[in-house]
Amino acid sequence: MTEAELIGRLAHLVLGVLVTATAVTWGLGMVKPTMRLGEVRARIWAWWVMAPLIFVGVVVSRSMSTAFFCILSLVAFREYLRLLPERPADRTARLLCVLAIPIQYWWIHTGWYMMFVIFIPVYVFLVIPMGLVLSREASGFVQAAAELNWGLMAFVFGLSHLAYMVTCPAPAGSAVTGRAMVLFLIFVVEINDVLQFVWGKTLGRHKILPTISPHKTWEGFVGGTASAVAVSLLLRYLTPFSVVETIAVGALITVAGFFGGAVMSAVKRDFGVKDFGQLIPGHGGVLDRVDSLVYAAPVFFHFVQYFHY
């Protein structure tokens, strides 16, 4: 079976899930008109839009993928910048940050792995404080440098691993390239978020991080992780992994995704906001949807690079 056919199987699965979810919410609305389903319906309809965008952004072409994830990082970083206190002294450094984003994705487009790996963690890390120094303002210097560098590492460098993964060829002995593996990663991480929510709502009693994310429970975490690992086994055909590797990487990315979501919850609580934005109805902003991938993408990328390239 070709990679295109394998990806087609995933597309049919996603379509089936969306049709089923839509039908269930419609049926519940008919049977129990008093049930509050507005937010759930908004989330489902948002996925009707997001799912095709993800497939198009990943599958159509290498250039399309690079542009898609570059735009995703630009929007995500902009949502983050809107939360930061802005000083006139920060303008040069902020401009340098924004300019660094397309440059990071240019290294990906050209396949320059070394620059992809070191550009933001090394060179941009050094340049941002230089931009702040040129403003000749010492007050707030450390805070501004830390906030900008952390935001670039999380929302640009972290997410850019998805774009680089798309460009990876099929490992030796495998029929699937990085495109299929990226879709595997995104589906498992996103379904893990849903499953943790469902398990937490149905069985959740013991909170993990009550002061950071009150809705996250041990029951939701364990049930969601176990269920997501089972899903990853069903989608193993999108990867070069053995059964043992699939179980390991499934657990790895779901745990990483959990902590990605928890970290972003802490960020929102620190700034006193419910969501990073309002771009996606029912989901908040782009950062609210990719928070788990910020942590899961680099972990998954380097797992694949170490064991299969």
Just to be sure I follow: if Rg is taken over the C-alpha atoms of the stretch 209-309 and Rh is the Kirkwood radius over the same atoms, what is Rg/Rh?
1.03
What order do you get for 267-276, 212-221, 64-73 when each peptide is scored by the mean count of other beta carbon atoms within 10 Å, highest first?
64-73, 212-221, 267-276
To the nearest Å², the heavy-atom accessible area per residue of the chain with 1.4 Å probe amounts to 49
Checking the stretch 55-87 for trypsin sites (Lys or Arg not before Pro) in a loop per DSSP with at most 14 other beta-carbon atoms within 10 Å yields R82
Test of the criteria: in the stretch 89-190, which chymotrypsin sites (Phe, Trp or Tyr not before Pro) are in a DSSP loop and have at most 13 other Cβ atoms within 10 angstrom of their Cβ?
W112
Given the candidates V299, P214, V286, the one whose Cα lies deepest towards the positive end of the charge dipole of the chain, counting +1 at each Lys or Arg C-beta and -1 at each Asp or Glu C-beta, is P214
The correct pair for the stretch 137-191, radius of gyration to one decimal and Dmax as a whole number, both in Å and from Cα atoms, is 17.3, 57
Size of charge dipole - the chain - debye, nearest 20, with Cβ of Lys, Arg +1 and Asp, Glu -1, no other charges
560
What aspartates and glutamates does K268 reach when the alpha-carbon gap must be under 19 Å and sequence neighbours fewer than 8 apart in one chain are set aside?
E79, E86, E147, D193, D288, D291
The base-10 log of I(q)/I(0) that the Debye equation returns for the chain at q = 0.12, 0.13, 0.15 Å⁻¹, one scatterer per C-alpha, is -0.85, -0.99, -1.27
Computed on Cα atoms, Rg of the stretch 43-114 relative to 2.2 N^0.38 Å comes out at 1.36
Using the Kirkwood radius built from alpha carbon pairs, what does the Stokes-Einstein equation give as D for the stretch 186-230 at 4 °C and 1.567 mPa s, in µm² per second?
128
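Over the stretch 95-236, what number does the Rg to Rh ratio reach, with both radii from the alpha-carbon atoms and Rh per Kirkwood?
Details: Rg = 20.0 Å, Rh = 18.1 Å.
On the Cα set of the stretch 95-236, Rg over Rh gives 1.10.
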Tell me which lysines have Cα within less than 20 Å of K274's Cα, excluding those fewer than 8 residues away on the same chain?
K201, K207, K216
Student exercise, the stretch 215-309 dipole from Lys, Arg, Asp, Glu Cβ charges, in Debye to nearest 20:
80
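Using alpha carbon coordinates only, what is the Rg to Rh ratio of the stretch 160-211, with Rh defined as the Kirkwood radius?
Checking Rg against Rh, the ratio lands at 1.23.
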Sorted from largest down, what three extents in whole angstroms do the Cα atoms of the stretch 89-129 have along their principal axes?
35, 16, 7
Carbon and sulfur %, accessible surface of the chain computed with the full protein complex present, 1.4 Å
70
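The values are calculated or read from the model by the stated rules, or taken from the named source; none is laboratory data. Please read these numbers as outputs of a predicted model, since none were measured by experiment. Here the Cβ is made from the backbone with ideal geometry for all residues, glycine too, and neighbour counts use every protein chain on show. Quick note on the areas: whole protein, heavy atoms, side chains included, nothing else; ligands and nucleic acids left out. Shrake-Rupley method; radii C 1.70, N 1.55, O 1.52, S 1.80 Å.
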